[in-house]
1. I'd like the residue in segment 169-180 that is under 20 Å from ARG213 (Cα atoms) and either touching a helix residue (DSSP H, G or I) at 6+ places or on another chain (Cβ under 7 Å) or surrounded by 18 or more Cβ atoms within 10 Å (Cβ to Cβ) (or both) and, out of all such residues, is modelled with the lowest pLDDT.
2. How many residues, within segment 1-25, are on the phi > 0 side of the Ramachandran plot and at pLDDT 90 or above?
3. Determine which member of the set PRO222, PRO226, PRO211, PRO230 is under 19 Å from VAL157 (Cα atoms), at pLDDT below 75 and not acidic (Asp, Glu).
4. Look at LEU131 and say whether it is surrounded by fewer than 17 Cβ atoms within 10 Å (Cβ to Cβ) and either modelled with pLDDT of 85 or more or among the aromatic types (Phe, Trp, Tyr) (or both).
5. May I ask you to list pairs of residues, at least six apart or on different chains, whose Cβ atoms are under 9 Å apart, with the first in segment 223-242 being within 14 Å of ASP162 (Cβ to Cβ) and the second being open to solvent by 10 Å² or more (accessible area, probe 1.4 Å) and among the hydroxyl-bearing types (Ser, Thr, Tyr)?
6. Based on what the data block shows, is GLY269 more than 22 Å from MET160 (Cα to Cα), part of a loop (DSSP other than H, G, I, E, B) and modelled with pLDDT under 75?
Amino acid sequence: MGRMTNSAVCAGGYLVHVNKTQLTLGDLLDHPELGLRLVAGPDTAPSRTVRGAHSIEIPTPTRWVPQDWVMLTSGLRLRGRPEEQRRLVADLDAGGQAALGWAAGIVTKRVPKALVDEARRRAFPVFEVPLATAFHQIVSFLGRATAHDDVYVLHRVAAMEDHLLDALAAARPEQAVVRRLADVLDADVRLADADEVTHEPWAAYPVPGVPERTLVVGEPAPSRAPLAAPLVKRAVQLLELLARRDARAVAATRQQGAELLRRALRGDGGPTLDAEAAHWGWPSPPARTPSRGTAPATREPAWTPRASPTSGYAAATAPSRSSSHHMRS
């Protein structure tokens, strides 16, 4: 049923491509309970996308019928007016409407010849609605299909949000969030300094808690654009969560390092202190050999903390700042 289109969906934490059914005019015409019959239109008419239907009998119907929708009419104001019939087809064709449905047996026995000729000349689809089929049946059929599509989109957003949440378990969660957001939006995404945003991006969101950092998002693929707003919002929330978690971890590390340094200066701890100092990357003091005839000298912390590029109190207390993130590959 319908035309199959590729769409990216996250399932089980992985980005996968699935086929999504999109309702077409052919689906409407083939529905057995409606009994519709195509009387004009090109061979490609059944593949036209249909998003809804609206019954209308007033002039300038394109003001009220959106693009990719079907206009339904009984022809009440068009009987015996071939020029008006041709103009209606021309307006619908120019307005991007999907097709015209004409109710046979109410005002006219069949679709008027002038209207059919104009539709064939313009390759615009026109179908006949039998007397036994009420317009509300067509509207209801398309409405149910549209509702199903909305539910599909909601499930897709939820799955993609789960995909972003899984990034928290990655070795480098900040980078994983940005990379996964780029994947699901099919767009360039990076985390940059505020002063690095030199051009107008599709969207730029400051990360709360890290004022100098901005999530820069390029224009997403057209099929992902409706999903962009909720997904970007979720990504910003996750980046804020990571920033606050890192800030708490740095504060706790500094407190532990300060306590260790105070113990070292007081000479407390003995072997335990040496083990903790080694964990921080500080060198242990050399062992002292007592002189003959003298009592063993009291062991003193004859060393000072040494900064380590990857660990240690000096590294923990140094100003910390996340690096800007890469663009997606």
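The values are calculated or read from the model by the stated rules, or taken from the named source; none is laboratory data. This one's a predicted model, so the numbers in the text were calculated from it and none came from an experiment. Every residue, glycine among them, receives a Cβ derived from its backbone with ideal geometry; neighbour counts consider all protein chains shown. Areas reflect the complete protein model, heavy atoms only, side chains present, ligands, DNA and RNA absent. Shrake-Rupley method; radii C 1.70, N 1.55, O 1.52, S 1.80 Å.
1. The initial filter retains those residues of segment 169-180 that are under 20 Å from ARG213 (Cα atoms), namely 172-180.
With either touching a helix residue (DSSP H, G or I) at 6+ places or on another chain (Cβ under 7 Å) or surrounded by 18 or more Cβ atoms within 10 Å (Cβ to Cβ) (or both) added as a condition, the list becomes 173-174, 176-180.
Values: PRO173: 87, GLU174: 84, ALA176: 89, VAL177: 88, VAL178: 88, ARG179: 89, ARG180: 90.
Taking the candidates together, the pick is GLU174.
2. Counting residues in segment 1-25 that are on the phi > 0 side of the Ramachandran plot and at pLDDT 90 or above gives 0.
3. One residue alone meets the criteria, PRO226.
4. Numbers: surrounded by fewer than 17 Cβ atoms within 10 Å (Cβ to Cβ): yes; either modelled with pLDDT of 85 or more or among the aromatic types (Phe, Trp, Tyr) (or both): yes.
When the stated conditions are applied, LEU131 passes them.
5. Partner pairs satisfying both residue conditions: ALA235/TYR205.
6. yes
Every residue, every condition in (1) at pLDDT 90 or above; (2) part of a loop (DSSP other than H, G, I, E, B); (3) within 17 Å of PHE141 (Cα to Cα); (4) aromatic (Phe, Trp, Tyr), yes or no:
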residue	(1), (2), (3), (4)
ASP27	no, no, yes, no
LEU34	yes, yes, yes, no
LEU38	yes, no, no, no
ASP43	yes, yes, no, no
PRO46	yes, no, yes, no
ALA53	yes, no, yes, no
PRO59	no, yes, no, no
